[in-house]
Structure formats: structure tokens, C-alpha cells
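Below is one structure, written out as C-alpha cells; the observations come after it.
The values are calculated or read from the model by the stated rules, or taken from the named source; none is laboratory data. Because the structure is a prediction, the values reported are computed rather than measured. Cβ placement follows ideal geometry from the backbone for every residue including glycine, while neighbour counts extend to all protein chains displayed. The accessibility values were calculated without ligands, DNA or RNA, using every heavy atom of the protein model including side chains. Shrake-Rupley method; radii C 1.70, N 1.55, O 1.52, S 1.80 Å.
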Amino acid sequence: MYVTIADFIREWNREATLTQKVLDGLTDDSLNQKVYQEGRTLGRIAWHITTNIPDYLTLFGLNVNKVENAKNVPSSAKEIAATFKSVSEEAAQAIEQQWKDDTLSQIQKAFGREETNAQILMGLIKHIIHHRGQLTVLIRQAGLKPFGVYGPSKEDWVHLGVENPLL
């Protein structure tokens with residue numbers, strides 16, 4: 001759990017960098033990939049990750065600019081990636097400027113339960129990680145090589161001396 005704002009910012013920046021690398025690997029064509037007919041597209045999920053950050057933070061009292069035209073998924077993968085970059089940077093700045101270390105222990109109502117602000121911030125990171133996992137599956141289905149988030153992708157194992165990791 002986060003005890004200081006600096007603790008959170010370190011993890012936020014690390015996870016934002018990993019998410020940025022995933023988003024930077026998208027192509028415009030890949031944005032239409034779905035797992036199933038009625039499911040969200042890869043582009044919709046990537047845009048949801050991006051636009052949800054300011055929505056989530058404002059819900060818990062932080063002053064962050066919302067993403068313009070958030071309801072419409074861009075057709076450009078570069079636009080989604082660039083918007084994520086600016087939103088994640090602005091989120092970090094807002095938290096650093098508007099909350100103090102003791103703010104993290106304050107309790108708020110969050111989705112029907114009481115949570116500390118530290119738990120709320122952890123929830124935001126977990127939300128992004130959850131959807132980032134969905135993206136990596138859709139990226140593979142779209143015929144692209146996913147970025148290895150917490151370890152190498154199948155194609156990158158060869159650089160570690162492993163020919164074809166089946167297990």
C-alpha cells in the first residue's frame with residue numbers, strides 16, 4: 001500500500017510506461033479487433049483506459065481535465081497513445097500537487113465501500129492493468145507482436161536462449 005505520494009508516483013510512472021509501450025505498438029487496423037462479435041474493440045478498450053483516468057480521479061476529488069470527445073474512439077492508434085501519455089502525466093502532476101501524504105489515509109466511499117485514498121489509487125492502477133491484459137490478447141489476435149509487459153513475449157524468449165517456450 002502507498003504510504004507516501006512519492007510511493008504511488010513511482011508505481012504510477014512504471015505502470016504508465018508499460019501501458020504506453022503497449023499502446024505505442026498498436027496500428028490503426030488493429031483498433032477494430034474484437035474477441036467476440038458483441039465485445040469491445042481493441043480501440044475501445046485502449047480509449048477507455050485513457051479516458052477513464054481523469055474521470056476516476058475527479059470522482060474522488062482531484063481536479064483533472066477530462067478528455068475532449070471521450071465518447072468517440074479515435075481511428076488513429078497514435079492519437080490514442082499520445083492522449084494516454086498526456087493524461088497519465090497530468091494525472092501524476094494533479095496527485096502530486098493536490099494531495100499530501102496524509103491524504104492517502106483519508107477514507108472515501110468508493111463503488112459502494114469505504115476505502116482509503118491509497119486503496120482508491122491502487123484501484124486505478126489495477127483497472128489499467130486489467131484492461132492492458134485484455135489489450136495484449138487482442139493485439140495477438142490482430143496479428144501483431146505484443147509488448148512483453150512483465151516478461152518477454154513469446155518471440156522475445158529467443159533472446160534469452162529459449163527456442164520455443166511451450167510451458
Of the residues in the range 41-75, those that are assigned to a helix (DSSP H, G or I), farther than 21 Å from residue 133 by Cα and either touching a residue at least 24 places away in the same chain (Cβ under 8 Å) or of a type in the set (Gly, Ala, Ser) (or both) come to 57
Scan the range 113-132 and give yes if some residue there is in contact (Cβ under 8 Å) with a residue 60 or more places away in the chain, open to solvent by 70 Å² or more (accessible area, probe 1.4 Å) and under 16 Å from residue 57 (Cβ atoms), otherwise no.
yes
Log entry, pairs with first residue in the range 76-91 being of a type in the set (Ser, Thr, Tyr), second being surrounded by fewer than 20 Cβ atoms within 10 Å (Cβ to Cβ) and outside any helix (DSSP H, G or I), beta carbons closer than 9 Å, six or more apart or on different chains, reads 76/28; 83/67; 83/74
Being closer than 18 Å to residue 23 by Cβ and touching a strand residue (DSSP E or B) at 6+ places or on another chain (Cβ under 8 Å) narrows 138, 124, 144 down to just 138
Scanning the range 102-112 for residues that are surrounded by fewer than 17 Cβ atoms within 10 Å (Cβ to Cβ), in contact with a Ser or Thr (Cβ under 9 Å, 6 or more places away or on another chain) and not small (Gly, Ala, Ser) gives 106, 107, 108
Residue check for residue 82: out of contact with any Asp or Glu (no Cβ under 8 Å at 6 or more places or on another chain), assigned to a helix (DSSP H, G or I) and either at pLDDT below 95 or open to solvent by less than 50 Å² (accessible area, probe 1.4 Å) (or both):
no
Of the residues in the range 133-161, those that are loosely packed, with under 12 Cβ neighbours inside 10 Å and over 23 Å from residue 77 (Cα atoms) come to 151, 159, 160, 161
